[in-house]
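Reviewing the structure listed below.
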C-alpha cells in the first residue's frame, strides 16, 4: 500500500466526525469482500446533485486486478460501512468486479443514463435512472 | 470572482454528467438567495458515511460577508438546485447567514452531535442527530 493511502486510512480511522465524513475524504476508503480481503479503494463518489444522495462509489483497483487505471462504479446501495474495518464491505468476488462495467477517464466522463443502467443491471439493483 | 472559481462554474455548467456530480466537484458551486444574488460557494459536503446522504453543505463566503476564512454548514434540505443558475438557491438573507453557526478549521474539525444540533436548530429543520 502506498504511504499516502496508509496515511489516509489512518486519518479516517482516527477522525472525530462520528457518522459524517467530508465527501472528498471518502477517497481512499478501503473496500473489502465479506472475508475481509481488501478489493480496492473508493476513488470518488457520484452524488445526485439535487437530493444529495450518493448514487455510485467509484472504485479503483490499481494493479490488484491487473487492470491498470480503471474506474469501477458500484451502486451505493451495495456498500455496507464496517466501523471495525474502517471501510466498506461488498458481497462481491474478484471475478464479478473484473467483468463489471468500468471507464478509463474520470474528468469529463459522460455519466449517461445508458451507462448508469448498464451498471445497475449488472449488479441487479433497482436502477437510479428508471 | 477569482479565475479558478469562474472556470469551475463553467465546467459544472457544461459537464455531461446529467443529474450526477462527483462529490468533490460540488466545491465551488455557487449558492444564491431567492433574488439570484450570489451569497457564497459550497466549500465541501458532509455525507452520512453509511447512507451516503449529504447532510450539510458547508459554505465559504470569502470576503463577501467580511468574515474572512469561515465555514458555514447549511442543512442540505435547505438547498434547492437551480439548473438555470447552475447552483443552489437558499431562502436566506445575509443577516441570517452572518449570525449562523460556523467554524474556522476544516481539517480535523470535530463534527459532534452538539454542533450538528446547534446548526439544525438555528435553521429550524428536523435534526439529523435526533
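Listing for the model above:
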read-out: The stretch A:106-126 residues that are at positive phi, paired with ones that are assigned to a helix (DSSP H, G or I) (beta carbon under 9 Å, 6 or more apart); value: A:108/B:11
read-out: Options A:42, A:31: the member that is more than 16 Å from residue B:51 (Cβ to Cβ) and either surrounded by fewer than 20 Cβ atoms within 10 Å (Cβ to Cβ) or out of contact with any helix residue (DSSP H, G or I) (no Cβ under 6 Å at 6 or more places or on another chain) (or both); value: A:31
read-out: Residue among A:71, A:56 that alone is in contact with a strand residue (DSSP E or B) (Cβ under 8 Å, 6 or more places away or on another chain) and either crowded, with 21+ Cβ neighbours inside 10 Å or in contact (Cβ under 8 Å) with a residue 60 or more places away in the chain (or both); value: A:56
read-out: Residue match in the stretch B:2-16 (condition: within 13 Å of another protein chain (Cβ to nearest Cβ), surrounded by 14 or more Cβ atoms within 10 Å (Cβ to Cβ) and modelled with pLDDT of 90 or more); value: no
read-out: Exclusive hit being in contact with a helix residue (DSSP H, G or I) (Cβ under 9 Å, 6 or more places away or on another chain) and not in a loop (DSSP other than H, G, I, E, B), set A:96, A:118; value: A:96
read-out: Looking only at the stretch A:77-90, and only at residues there that are assigned to a loop (DSSP other than H, G, I, E, B) and at pLDDT 95 or above, the one that is nearest to residue A:58 (Cα to Cα); value: A:79
read-out: Qualifying residue in the stretch A:98-118 (condition: within 14 Å of chain B (Cβ to nearest Cβ), under 23 Å from residue B:49 (Cβ atoms), at pLDDT 90 or above and surrounded by fewer than 20 Cβ atoms within 10 Å (Cβ to Cβ)); value: no
read-out: Flag if residue A:22 is modelled with pLDDT of 95 or more and within 16 Å of the chain's Cα centre (by Cα); value: no
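The values are calculated or read from the model by the stated rules, or taken from the named source; none is laboratory data. Predicted model only: the values in this text are computed from it and were never measured. In this analysis, Cβ positions are derived from the backbone assuming ideal geometry, glycine residues included, and neighbour counts consider all displayed protein chains.
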